[in-house]
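Quick notes on the structure that follows.
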Amino acid sequence: MSRKYSSKNSGFRGVEPNSLAVCFWGVRGTLPSPGTEFVEFGGHTSCVEVMSSAQGSGSALTSLVLDAGTGIVGYGESALARGQDEFHILLSHYHYDHIIGLTRFAPLFRPNVSIHFYGQAKGGLELNEVVERIFSFPFFPLEYRNLPSRNNLHFHSVVPGSPFSVGPMVVIAHELCHPQQAFAYRVWDNDLQTSLVYATDHEHGTDSDLSLAAFSRNTDLFLFDTTYTSEVYDSGRQGWGHSTARRGAEIAEMAQVKLFGLFHHDPDSTDAMLKNSLLVEGQKYFPASFLCKEGQKLTLSAEVSADELPLAAGSDSLMRRSQQSRRRKLNG
Ligand SMILES: [Zn+2]
Ligand SMILES: [Zn+2]
């Protein structure tokens, strides 16, 4: 493994019964952020792995990933190492920070794996044509037709509002407000009780905030594009396609989610800025807010165990929040 792409993330070894496991391989937006000021939360761009306990355990664990930013490089190596030979990649959209990791996604360079892509046809291009463009002159030295995996690639065009299955999980897409448009995905465990919503990239301020809240209703984990604090957004970032910690927290509150993960960190946001500004703003409006962190793993289920909760400031309030949420459910 190249040192440049090495990750502190060791991946899944198994999943707790009756749960959905989540692993963050990349939490940054726009561009990777190398450097000592970005070590704690990580510099890799968007890639989140999700695995259902219904997979069982063993060497053939199969997970899906949301987006293929540079975080997918570490994921691919980890999944191959545990024997996974079937891959499912759900793409929110095709801006570079969400696809560039494919150029070093090890399974694409193997002849004996199958890889399923899910995404939207766009601008007259089918999904397979989008992926072909990534591996084409003059952007990449190896052309699509020469990829060792080319005969084992499968493309699934996603239609918002139409559920589809990925292994034991059920997925549904939803349109976000973003230049050239992005999809949010809600991933349900096979019991249809546990779920997460992955909603990046999105700019707030339209009716689509309300439809996103409805789409995310009561989900266990709401991951949202909090590229900016309100102050930074108001200083000239309107129209750039991204949102704030405050607006994400308000949507989380509207949707009555259990946990709100601040995601798609701005490449200029250092660890200190994330903790001192972004997290503070999120927790002010929604106490169960946490900063998504590269290498972090969460287990989502009806019972959230304390040791699986985020370790960032506010974990006490996260615990209280999840207990209150459970009480609400028990009380109907
Ligand atoms: Zn992005
Ligand atoms: Zn984008």
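Values quoted throughout were computed directly from the atomic coordinates according to the rules given, and no laboratory measurement underlies them. Keep in mind the model is a prediction, meaning the values are calculated, not measured. Heads up, the Cβs are rebuilt from the backbone with ideal geometry, glycines too, and the neighbour counts pull from every protein chain shown.
Observations
- Relative packing of 139-149, 174-184, 244-254, which averages over residues the other C-beta atoms within 10 Å, highest first: 244-254, 174-184, 139-149
- Residues Thr226, Thr45, arranged from fewest to most other Cβ atoms within 10 angstrom of their Cβ, appear as Thr45, Thr226.
- Dipole magnitude of the stretch 204-281 about its Cα centre (Cβ charges: Lys, Arg +1; Asp, Glu -1), debye to nearest 20: 180
- The peptide list 67-80, 198-211, put in order of mean Cβ contacts within 10 Å with the highest first, becomes 67-80, 198-211.
- Other residues lying with their Cβ under 14 Å from the Cβ of Ile72 contribute a combined charge of -3, Lys and Arg counting +1, Asp and Glu -1.
- For Lys284, the aspartates and glutamates whose Cα comes closer than 14 Å to its Cα, not counting residues fewer than 8 places off in the same chain, are Glu250, Glu253.
- Ranked list, fewest to most other Cβ atoms within 10 Å of each Cβ, for Trp240, Trp188, Trp25: Trp240, Trp188, Trp25
- Note on Phe137, Phe222, Phe38: ascending count of other Cβ atoms within 10 Å places them as Phe137, Phe38, Phe222, the fewest first.
- Counting only Cβ charges, +1 for Lys and Arg and -1 for Asp and Glu, the dipole size of the stretch 75-132 around its Cα centre is about 140 debye.
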